[in-house]
Amino acid sequence: MGQAESAPGFVWRLKDDGAGATSIRMFDDDLLLVNMSVWSNPQTLHDFVYKQKDHADALRMRREWFEQLSEVMVVCWKVPEDHFPSVAEAREKLLLLREKGSSKEAFTLKDAPKYFG
């Protein structure tokens with residue numbers, strides 16, 4: 001995760017008592033991991049996710065490492081400066097995205113440009 005923390009636009013990431021967040025649960029399912037971060041804008045997040053070589057390589061391998069889920073599992077939303085969202089807040093946003101689709105309250109990374117300006 002050090003690569004994300006040193007990437008342009010990175011602000012914060014969720015951590016448990018260790019260096020990661022693998023002990024944190026959003027749902028009552030030990031097979032679902034939580035990964036949550038704050039970025040200065042959607043473009044810097046997009047660039048890290050899809051253009052940073054190691055992350056992009058890992059993203060391509062995800063189907064070998066993880067089960068494919070039919071539900072949306074990634075959500076984005078605007079947060080006020082100096083606000084670090086809680087897991088409960090992320091759960092609420094994810095459920096909102098699943099229920100209503102992309103909106104200004106909760107959206108996909110692909111739809112992020114519509115809600116930033």
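The values are calculated or read from the model by the stated rules, or taken from the named source; none is laboratory data. This one's a predicted model, so the numbers in the text were calculated from it and none came from an experiment. Glycine also receives a Cβ, built like all others from the backbone with ideal geometry; neighbour counts cover every protein chain displayed. All accessible areas refer to the heavy atoms of the entire protein, side chains included, with ligands and DNA or RNA removed. Shrake-Rupley method; radii C 1.70, N 1.55, O 1.52, S 1.80 Å.
Some notes on this structure:
- Positive contributions from Lys and Arg (+1) and negative ones from Asp and Glu (-1), summed over other residues with Cβ under 14 Å from the Cβ of P85, come out at 0.
- Neighbour cut-off at most 15 other Cβ (10 Å), DSSP loop, chymotrypsin sites (Phe, Trp or Tyr not before Pro), region 76-117: F116
- Note on the chain: Lys pairs 8 or more places apart or on different chains, Cα atoms under 19 Å apart, count 12.
- Taking amide H as placed 1.01 Å from N in the peptide plane, the amide H of M36 sits under 5 Å from that of L14, each at least 5 places away or on another chain.
- Inverse mean reciprocal Cα-Cα distance (Kirkwood Rh) of region 3-116, Å: 15.1
- Sulfur and carbon atoms: percent of accessible area, the chain [1.4 Å]: 52
- Accessible area (Å², per residue) of the chain, counting only protein heavy atoms and a probe of 1.4 Å: 70
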